[in-house]
Amino acid sequence: MLIDRNEIRALVDKIHSEGKTVVATNGCFDILHVGHVRYLEKTKSFADVSIILLNSDKSVKSIKGPSRPINNENDRAEILSALRCVDYVVLFDEDSPKNLLDEMKPDVYTKGADYTMETLPEADIMRKNNTRVEFIDFVKGKSTTGIINKVRSEK
C-alpha cells in the first residue's frame, strides 16, 4: 500500500506499539525482475512489516539519467504493493533515503551485498538509531540495466 511520506513516523510508531518490527529497504525498482523479488522476499524475512522506500521519478532521473525511469513512480509503487512481501511503499524525492530513514527509524535496514558498513551511505543514520543492517546478495545476471541493454540490442 502506498502511503504518504508525512505519515511514515506515525505508521512506524503504530507498528511498534503493536509489538511488531519494521524492516526497510530502498531502490528504484524500475523494471521488476526476479532479482528484485528475491531481494524483497529476503528483506521481509527480517521483520514483521516491510516498508519500501521508492525513489520518485525525479530521484531516479537524478541518479540514473534523463532516460529513466522506464516506468513512472505510480506504476512502480502499484507493482511493488501487489507483492505479498511488501507491506508499504513510500516515495521520496532525494537521491538518498537518509532523511526518511532517520525519521522512520526502522528496526532493520537491508541493502545489496555490493555495500559494506564502510561504504553504506546511510551507515551513520543506522548507527545513530541502532538499526540493524542486513546485506543481501544479488541474483547473478539479473538487473534492470541488463534488461534495458538486451531490449536495445534486439531492436
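Each reported figure results from applying straightforward, stated rules to the coordinates on display, with no laboratory input. The shown structure was predicted, so the numbers you read here are calculated from the model rather than taken from an experiment. Positions of Cβ are backbone-derived with ideal geometry, glycine not excepted, and every protein chain shown enters the neighbour counts.
Given a cut-off of under 8 Å on Cα pairs at least six residues apart, what relative contact order in percent is computed for the range 24-72? Present the calculation step by step, with values, prior to reporting the outcome.
Numbers: 39 pairs, mean separation 23.5, N = 49.
48 percent.
What do you get for the angle between helix 8-17 and the principal long axis of the chain? Use alpha-carbon atoms, 0 to 90 degrees, nearest ten. That helix lies at roughly 50 degrees to the long axis. Site pair residue 120 and residue 14 shows an inter-label distance of 2.8 nm when each label is modelled 7 Å from Cα along Cα→Cβ. Normalised by the number of residues in the range 33-155, the mean separation of alpha-carbon contacts (under 8 Å, six or more apart) gives a relative contact order of 29 percent.
Extension gain for residue 78 to residue 138 (0.36 nm times residue separation, less C-alpha to C-alpha distance): 19.3 nm. For the range 1-111, the number of Lys pairs with C-alpha atoms closer than 17 Å, counting only pairs eight or more positions apart or on separate chains, is 8. Within the same chain, aspartates and glutamates fewer than 8 places from residue 140 are excluded, and of the rest, those with a Cα less than 13 Å from its Cα are 114. For the chain, the Kirkwood estimate of the hydrodynamic radius, built from every pair of different alpha carbons, is 15.9 Å.
What 222 nm value per residue comes from the helices of the chain, counting each DSSP H run with n ≥ 4 as -39,500 (n - 2.57) and dividing by all residues, nearest 500 deg cm²/dmol?
Values: 7 runs with 61 residues, N = 155.
Helix-only estimate at 222 nm: -11000 deg cm²/dmol.
Could you sort 119-126, 22-29, 98-105 so that the peptide with the highest average Cβ count within 10 Å comes first and the rest follow in order?
On the way: 119-126: 16.0, 22-29: 23.5, 98-105: 18.4.
The most tightly packed comes first, giving 22-29, 98-105, 119-126.
Note on residue 113 and residue 61: the extension gain reaches 16.3 nm, defined as 0.36 nm multiplied by sequence separation minus the Cα-Cα distance.
Once you have the Cα-Cα distance between residue 7 and residue 93, take 0.36 nm times their residue separation minus that, and quote the gain in nm to one decimal. Could the numbers behind the result be given before it?
Details: separation 86, 0.36 × 86 = 30.96 nm, distance 1.56 nm.
Taking 0.36 nm per residue and subtracting the Cα distance, the gain is 29.4 nm.
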